[in-house]
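Some notes on the structure that comes next.
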Amino acid sequence: MKKNNEIIIDNTKKFVKQKLKKAEAGHDYWHILRVLKLSEKIAQKEGGNLMIIRLGALLHDIADAKFHNGDETIGPQIARDFLQSQNLSNDIVEQIVQIIEQISFKNSFEKQNYSSLELQIIQDADRLDAIGAIGIARAFIYGGYKNNPIYDPDLKPNLKMDKETYKKGNTTTINHFYEKLLKLKDMMNTQTGKQMAEERHRFMLQFLEQFYNEWDI
Ligand code: ADP
Ligand code: NI
């Protein structure tokens with residue numbers, strides 16, 4: 001017989017898969033499964049409460065504000081309603097909801113008022129999935145969704161973006177590398193996350209070098 005925790009994880013997977021059925025490819029159920037796996041991998045080295053980490057990873061993008069007119073309260077509320085239906089203690093539910101509220105990159109523009117090892121681990125996993133080959137693929141998917149240009153040599157990256165400008169997402173996808181992706185390596189919370197980010201970071205630099213070589217032929 002399956003243990004209670006495993007039943008809850010299975011229920012959560014089914015719930016998230018159903019909810020994200022129509023999500024765009026950068027934030028679909030595959031992204032969730034990758035973040036889950038990366039979180040578990042980091043947790044093997046860093047510790048943390050594995051149940052909170054797995055549930056937080058599964059629910060972290062349940063309703064991305066980008067796709068809900070910028071509303072940042074919908075995701076945490078959906079997660080809370082679901083978790084409360086799952087026989088979990090209030091304390092665990094609130095810790096996971098806090099994680100979902102804090103995890104997004106756009107919230108790094110503001111001072112965070114909550115932190116935990118579990119949040120740090122899931123955030124590292126989410127950031128790892130935004131860099132490297134997969135991160136590049138996701139950036140171009142998002143740029144396509146926004147109908148942004150791939151590159152414009154006359155548009156310089158805006159390195160001092162505020163949160164609202166970032167959320168509008170009007171930039172070239174190559175500039176997004178400088179505005180976000182190349183910054184992530186140094187924003188990793190855990191030692192394990194930092195190490196895992198190195199190779200993905202190098203790959204992005206290599207990609208950019210090749211890109212400019214082809215552009216300037
Ligand atoms: P988070 O989900 O952590 O808040 P974002 O919403 O900023 O992160 O980004 C989610 C994904 O969309 C990432 O892969 C990110 O690189 C990509 N993305 C966000 N904004 C842009 C943009 N303006 N151009 C290209 N990709 C973007
Ligand atoms: Ni995510």
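So here's what we get for this one:
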| quantity | calculated |
| --- | --- |
| Breaking point among (1) free of Cβ contacts under 8 Å to residues at least 40 places away in the same chain; (2) open to solvent by less than 80 Å² (accessible area, probe 1.4 Å); (3) not β-branched (Val, Ile, Thr), for Lys160 | (2) |
| Residue in the stretch 200-208 that is over 25 Å from Glu118 (Cα atoms) and modelled with pLDDT under 95 present | no |
| Number of the condition not met by Leu155 [criteria: (1) touching a residue at least 24 places away in the same chain (Cβ under 8 Å); (2) away from ligand 2 (no atom under 16 Å from the Cβ)] | (1) |
| Residue within the stretch 117-135 that is away from ligand 2 (no atom under 16 Å from the Cβ), of a type outside the set (Val, Ile, Thr), farther than 16 Å from Ile103 by Cα and free of Cβ contacts under 8 Å to residues at least 24 places away in the same chain present | no |
| Residue among Leu50, Leu55, Leu33 that alone is among the hydrophobic types (A, V, I, L, M, F, W, C) and within 16 Å of ligand 1 (Cβ to nearest atom) | Leu33 |
| Every residue from the stretch 136-147 that is out of contact with any helix residue (DSSP H, G or I) (no Cβ under 6 Å at 6 or more places or on another chain) and near ligand 1 (Cβ under 7 Å from one of its atoms) | Lys146 |
| Qualifying position, being modelled with pLDDT under 95 and surrounded by 16 or more Cβ atoms within 10 Å (Cβ to Cβ), among Lys19, Lys13, Lys3 | Lys19 |
| Any pair with Cβ under 8 angstrom, 6 or more apart, that starts in the stretch 91-104 at a residue that is open to solvent by less than 50 Å² (accessible area, probe 1.4 Å) and ends at one that is within 16 Å of ligand 2 (Cβ to nearest atom) and of a type in the set (Val, Ile, Thr) | Ile99/Ile122; Ile100/Ile62; Ile103/Ile122 |
| Extreme residue, nearest to Arg127 (Cα to Cα), among residues of the stretch 151-197 that are part of a loop (DSSP other than H, G, I, E, B) and polar (S, T, N, Q) | Asn189 |
| Test: residue in the stretch 190-212 that is without any contact (Cβ under 8 Å) to a residue 60 or more places away in the chain and buried (at least 20 other Cβ atoms within 10 Å of the Cβ) | no |
| The stretch 129-150 - residue that is of a type in the set (A, V, I, L, M, F, W, C) and in a loop (DSSP other than H, G, I, E, B) and, of those, nearest to Ser104 (Cα to Cα) | Ala130 |
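The rows are residues; the columns are (1) closer than 20 Å to Lys22 by Cα; (2) at pLDDT 95 or above.
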{"site": "Ala43", "(1), (2)": "no, yes"}
{"site": "Arg54", "(1), (2)": "no, yes"}
{"site": "Gly70", "(1), (2)": "yes, no"}
{"site": "Gln102", "(1), (2)": "no, no"}
{"site": "Leu119", "(1), (2)": "no, yes"}
{"site": "Ala139", "(1), (2)": "yes, yes"}
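The values are calculated or read from the model by the stated rules, or taken from the named source; none is laboratory data. Given the structure is predicted, the values throughout are model-derived calculations rather than measurements. Note that we place each Cβ from the backbone using ideal geometry, even for glycine, and neighbour counts take in every protein chain shown. Note: accessible area is taken over every heavy atom of the protein model, side chains too, but ligands, DNA and RNA are not part of it. Shrake-Rupley method; radii C 1.70, N 1.55, O 1.52, S 1.80 Å.
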